[in-house]
Structure formats: C-alpha cells, structure tokens
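Participant: Encoded as structure tokens, here's the structure I'll be asking about.
The values are calculated or read from the model by the stated rules, or taken from the named source; none is laboratory data. Please read all numbers here as calculations on a predicted model, not as lab measurements. Using ideal geometry, Cβ is built from the backbone for each residue, glycine included, and neighbour counts are taken over all protein chains shown.
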Amino acid sequence: MASQDWFDKDFYKVLGVSKDADESTLKKSYRKLARQFHPDSNPGNSAAEAKFKEISEAYSVLSDSQQRAEYDQMRAMGSGARFTAGGGGQAGGFEDVFGGMFGGGARPGGARPGGANSGDFDDIFSMFSGGGGGGRFGQGGFGQTSGGFRGFGGPTPGRDISATTTVDFITATKGDTVRLQGADGKPINVKIPAGVSDGQKIKLRGRGEPSPDGGEPGDLVLTVSVRKHPVFERDGNNLRITVPVTFPEAALGATIQVPTLGGDPVKLKVAPGTSSGKVLRVKDRGVSTSKGTGDLLARIEVAVPSRLNDAQREALKAFEAAGPTEDPRADLLFRAKATE
C-alpha cells in the first residue's frame, strides 16, 4: 500500500483508541483485537481475515513513531482527500491536493508552470522525509524504496518479538523441546539445542508479529536462562565437580565413585599422596554439542573430620610423631621472603 491510501483510513478508529494514545495503549488494543480476529481463531472466515489485516496495518503505522507522525500530518492536511492519476483532462491529480499550498492550481496533464513558484515532486514531498529541496523522489518519505507502506520496494516484514525462558541444567545440556505461550496466547513448541548456555539467544524464524501488508512475518528471539545445578558446573563443554575424599584415601590412595550428569557413576583412581585441588579427568562425560563433547573434571578435596573420638585422636598423634619432620610451608615462606 502506498502512503496516499492513508487518507481514507482512520487507523485510530480501527484500533479503537484516541489520537493521543500512548504506545502501551496501542499495543494492548492491538493484541486484544489480533487474538479476536486472527485467522487461526476464525478458520474459513474471510471477513475476520480482512479485519485482522486491517488491524495489523493500523498497528504497524501507529506503533512506528515516524510513520505515525507522517500519517497524522497527512490526515490533518488532506481531510479525506485521495491521490488520483492526473492528465487527460481528468480532475484530481497530485496538485488537486497540494496546489493551494504552493500558490498554484491544477494544470492539464498534471504539469506545473515554470518560474519562481514552480518545483518538482521534491518540493512537495520533502517535508515528509525531513529534508529540503534537491532530494530525489524515491529516496525518502513517500518514495523511499524500503518497501511497505511508505515505499514501493515490496511488503514490510513483521516485527521481531523478544521473549525469555528458563530451563533446568539437564535440559540445557541434553536438549529438549519446551512449550511456550506465544504473543497471541497460543502455545509454541521450541526445540532447545543440546549444550545451550545461560544467556544464549535462539531465533525462531517466522514466529514474530505478522506483516501488515502480506510480507514475511517477524522472528521470535528467545533468550534462554539456565538454572544452576547443585553438583555440576558448566565450563564451556566441560563439566566440573568437586569430589570430597577422606584423609586416608588421599594419603594411601583409593578407587572412588564419581557421579555423572544423567548417567551412571564412574570409578576414579585416586593416587597415593593426592592433595586437595588435584583435578582428575573423565573423557567424554561433559556436554555434547555440534562442536564436540567435553570432559568431566573432578576436583579432589580432602575432607577433614570435624569430630574425632579418643582412638582416632591417639592414632593421629602417633602418626604425627612417626611422620616426616619437614615443614610443608617452608618453601612458601622462603619464596615469600625472597620477594621482599
């Protein structure tokens, strides 16, 4: 639709709002009417489909501040006038609408006289594109080639919609299909890819707002939030876990069981003399994505008992008496002293 058709259409009346309605009021009214007349809710009802297109057209213009300003200017100036083709002795050319504004009247064939009061189409349309004389018709205002209501470059695509959803940790790593509620209140099935990360955006093509003039619908841009897991932590495609071991297991060595995400536990061998902070790697037990599969990284942490019975206390005293005499902090103190 070209902009001249705006003369005949009261978009405010179509949406049932006043001329000073704010953006929130426009959106609220549009969504209510869109749900009521959407073709999916009225299968086979051509009248409802036509009404839905009319509502979408009105909202597309009024929700865009620039288009709304142009529309208000044209409605205030035109008072219901409409462009018709000039020439051939027919009345109603471009100058029938604008002639009085520039000191001229209609001319046969739509021509304008020369001289001080003459001007090409740019003189007429420049006020709508925000520029002065000298611009070319087709570069702004009515004639811009961006398409849609203000130009002739093709239908206007629908607006994109932004949304958010929160998934659990396992769903994010393994992938799944979740059901969301669309802008029109209808459910949408969304496939969450395996390995999606916290804050990642997923684009669903064609799931945004419909085009007001028969073009492609917009997209739904979904931002995914991932809940934290009580045991595992994501590190790229790797999974990290802290595994506590007893002092005897760390000192003497042991084989322990470590949980995996959504699978059976695996056995890990802790070498004798393992200290806290040692990381043991389990291959291919991390997050699987199209770029590969990560590992499970188990960080060993020596658990110190908070309570000892008498026998344990005496045994530890005997161990201390029989143990090595070197100070484990001696090298730390030496290196700190060397930097002074």
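Participant: Under 8 Å between Cβ atoms, at least 6 apart or on separate chains: pull out the pairs that start in the stretch 214-229 with a residue that is farther than 17 Å from V196 by Cα and end on any residue that is polar (S, T, N, Q) and buried (at least 19 other Cβ atoms within 10 Å of the Cβ).
Facilitator: Cβ pairs passing all conditions: G215/T156; P217/S211; G218/S211.
Participant: Can you list residue pairs whose Cβ atoms sit under 7 Å apart, with the first residue in the stretch 20-46 being under 16 Å from G185 (Cβ atoms) and in contact (Cβ under 8 Å) with a residue 24 or more places away in the chain and the second being surrounded by 15 or more Cβ atoms within 10 Å (Cβ to Cβ) and aromatic (F, W, Y)? Count only pairs 6 or more apart in sequence or on different chains.
Facilitator: Y30/Y59; A34/F52; H38/F52
Participant: Identify, please: which residue in the stretch 211-235 is of a type in the set (G, A, S) and surrounded by 14 or more Cβ atoms within 10 Å (Cβ to Cβ) and is, among those, nearest to I161 (Cα to Cα)?
Facilitator: Among those that are of a type in the set (G, A, S) and surrounded by 14 or more Cβ atoms within 10 Å (Cβ to Cβ), it is G218.
Participant: Of everything in the stretch 17-69 that's in a loop (DSSP other than H, G, I, E, B), modelled with pLDDT of 85 or more and farther than 15 Å from E209 by Cα, which residue is farthest from the chain's Cα centre (by Cα)?
Facilitator: N45
Yes/no matrix, rows are residues, columns are (1) more than 21 Å from P210 (Cα to Cα); (2) in a strand (DSSP E or B); (3) assigned by TED's automatic domain parsing to the domain that holds S290; (4) at pLDDT 65 or above:
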| position | (1), (2), (3), (4) |
| --- | --- |
| F137 | yes, no, no, no |
| F142 | yes, no, no, no |
| P155 | no, no, no, yes |
| T165 | yes, yes, no, yes |
| L180 | no, yes, no, yes |
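Participant: Residues K267, K228, K201: which one is under 26 Å from D295 (Cα atoms), under 18 Å from the mean Cα position of the chain (by Cα) and of a type outside the set (A, V, I, L, M, F, W, C)?
Facilitator: Among K267, K228, K201, only K201 is under 26 Å from D295 (Cα atoms), under 18 Å from the mean Cα position of the chain (by Cα) and of a type outside the set (A, V, I, L, M, F, W, C).
Participant: So which helices (runs of 4 or more DSSP H) stay within the stretch 240-340 end to end and still have 3 or more residues that are surrounded by fewer than 10 Cβ atoms within 10 Å (Cβ to Cβ)?
Facilitator: By residue number, 310-322, 330-338.
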